[in-house]
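The values are calculated or read from the model by the stated rules, or taken from the named source; none is laboratory data. Keep in mind it's a predicted model, so treat the numbers as computed, not measured. Glycine gets a Cβ as well: all are built from the backbone with ideal geometry, and neighbour counts include every protein chain shown.
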Amino acid sequence: MTAASAVTVKKQHLIDPEICIRCNTCEETCPIDAITHDSNNYVVDAAICNDCMACVPPCPTGAIDNWIQVISSNTYSIEEQYTWDELPEPQEVPEGVAEALSEPVDASVADARSTTVANDATDLENVPFTAAGSTIPPWSAAHPYVNLYTHKNPVSATVVGNYRVTGSDTESDIHHIVLDFGDNPMPVLEGQSIAIFPPGTDAKGRAYHARQYSIASPRDGERPGYNNVSITVKRVTADHDGNAVNGVCSNYLCDLQKNDVVKVIGPFGNSFLMPDLPDANLIMICTGTGAAPMRAMTERCRRLAKDNKYDGTLMLFFGARTERELPYFGPLMNLPKDFIDVNLALSRDADKPKQYVQDLIRERADDVLDLLNDSKTCIYVCGLKGMEEGVLAAFKDIVSASGQKWEDVHAELKAKGRLHFETY
Ligand code: FAD
Ligand code: A2P
């Protein structure tokens, strides 16, 4: 046996640390826990990854879609990947190793690698799903533009507004920020997001990576007919364990002044999109800044309804600590009751028992069930990661009580692009 014939090469699945915006989508999607992360990078464990491709379509940036040639006995460990600032070059194949010796990329994998999510996804059996929600849009959704601007090609936007949208005497400092793109194209759909680079470098001298924010304005602009987009940003002053921190990007954004210029990439997102039907129903469930896409969708419907182009049912479940900590409380409560059915779950109101969105979903079981059983209904959940479990449990209880099997209803909702989660 020659030395050369003992060598095989393969394509190792790797995540590009330069492009990745650390949104955790891939780790959540991977059905076999091959993806993990440290404080620096998201990485793929070559010993576990089976090239199933489930993680590829949901990745907002395409950072996940890298397959670097390596010698099979010399794959990169997750520890090595944690240290990277950029992807390595393909490993050189020793002279004399014929291409025939390479492990060819399986044809179905190669196909899936070049797949973009189609709006009229008919081959549902082959569509990968996250555990909880769909990775395909509703069939009638408009086709989204994604990745027009990347980390190598960001676009500048000018701040034209920055307002606090929670009570000034509360802990929750949430801002509505309007960004104008001038004559640079930024076509977006409700439910999509953008990412913004905070200026400066981390402790190791590396430029900060971009942070992702849901778009809070409808497709025709925060101001109709203008090339502007709004976002809803919570100033992070404590980490998830309650320890004091100074969130890099959220503080930068909340402190922006009018005429400041920010560096933006995106748009991202090709499944958390609203149906484009005049009689579609939306069940929207959110906490805190998860209100952003709900605001975008509601405003889209409001503008259409004004021209008699929309008359579906909108049902909103919105969780916040108190009314004063609920972003956009005033404008939301001004919407006509026959336009949107608003259900507020307040967890820290001195005069009311603690409520979460899932409690209200249960209280409204009959109406929720009627909507769930209507194929024109799509469900959107956005905000705290922790609410996913509670919301799914509430749906399961309601559906089971009606004699239907939740597993079947859940699978159908996912397969038809009718159940969407964006939690962080
Ligand atoms: P960092 O400097 O990155 O983090 C500082 C510390 O705070 C870290 O320990 C981190 O773990 C912790 N931390 C990070 N975020 C939070 C948080 N929200 N609460 C408590 N602790 C936190 N944010 C919005 O405000 N509005 C949005 O519409 C929005 N949409 C998002 C959509 C997606 C798909 C994703 C993945 C995230 C979204 N985020 C949104 C979160 C946002 O991208 C940032 O993570 C957030 O603003 C914190 O960034 P930072 O740079 O200020 O904090
Ligand atoms: P809580 O008062 O228990 O923190 P935040 O203000 O931190 O963004 O949270 C928004 C709302 O979401 C708050 O009312 C918060 O309640 C609530 N919340 C926290 N955890 C969950 C959960 N697991 N499911 C649903 N809502 C939650």
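Within segment 40-58, none of the residues are within 16 Å of ligand 1 (Cβ to nearest atom), β-branched (Val, Ile, Thr), at pLDDT below 95 and within 23 Å of Lys414 (Cβ to Cβ).
When Gly266, Gly288 are checked against the criterion of being within 16 Å of ligand 2 (Cβ to nearest atom) and closer than 30 Å to Asp202 by Cβ, Gly288 stands alone in meeting it. Filtering segment 241-254 for residues that are within 16 Å of ligand 2 (Cβ to nearest atom), under 27 Å from Ile379 (Cα atoms), assigned to a strand (DSSP E or B) and not charged (D, E, K, R) leaves an empty set. Restricted to segment 384-413, and to residues there that are within 16 Å of ligand 1 (Cβ to nearest atom) and assigned to a helix (DSSP H, G or I), the residue that is surrounded by the fewest Cβ atoms within 10 Å (Cβ to Cβ) is Glu388. Of all residues in segment 298-321, which are crowded, with 23+ Cβ neighbours inside 10 Å and within 16 Å of ligand 1 (Cβ to nearest atom)? Those that are crowded, with 23+ Cβ neighbours inside 10 Å and within 16 Å of ligand 1 (Cβ to nearest atom): Thr298, Phe318, Gly319, Ala320. In summary, Asp260 fulfils each of the numbered conditions (1) surrounded by 18 or more Cβ atoms within 10 Å (Cβ to Cβ); (2) modelled with pLDDT of 95 or more with the single exception of condition (1). When the strands (runs of 3 or more DSSP E) confined to segment 1-63 are screened for residues that are polar (S, T, N, Q) and surrounded by fewer than 22 Cβ atoms within 10 Å (Cβ to Cβ), those reaching at least 1 such residues are found at 35-37. Inside segment 205-255, residues that are more than 7 Å from ligand 1 (Cβ to nearest atom), closer than 15 Å to Asp173 by Cα, of a type outside the set (A, V, I, L, M, F, W, C) and surrounded by 13 or more Cβ atoms within 10 Å (Cβ to Cβ) make up a count of 3.
Would you check if Cys378 is assigned to a strand (DSSP E or B), within 16 Å of ligand 1 (Cβ to nearest atom) and either in contact (Cβ under 8 Å) with a residue 60 or more places away in the chain or of a type in the set (Ser, Thr, Tyr) (or both)?
no
Residues that are farther than 16 Å from Leu148 by Cα and among the hydrophobic types (A, V, I, L, M, F, W, C) were ranked within segment 56-74; the one that is nearest to ligand 2 (Cβ to nearest atom) is Ile64. Can Ala195 be described as under 16 Å from Cys249 (Cα atoms) and in contact with an Asp or Glu (Cβ under 7 Å, 6 or more places away or on another chain)? No, not satisfied.
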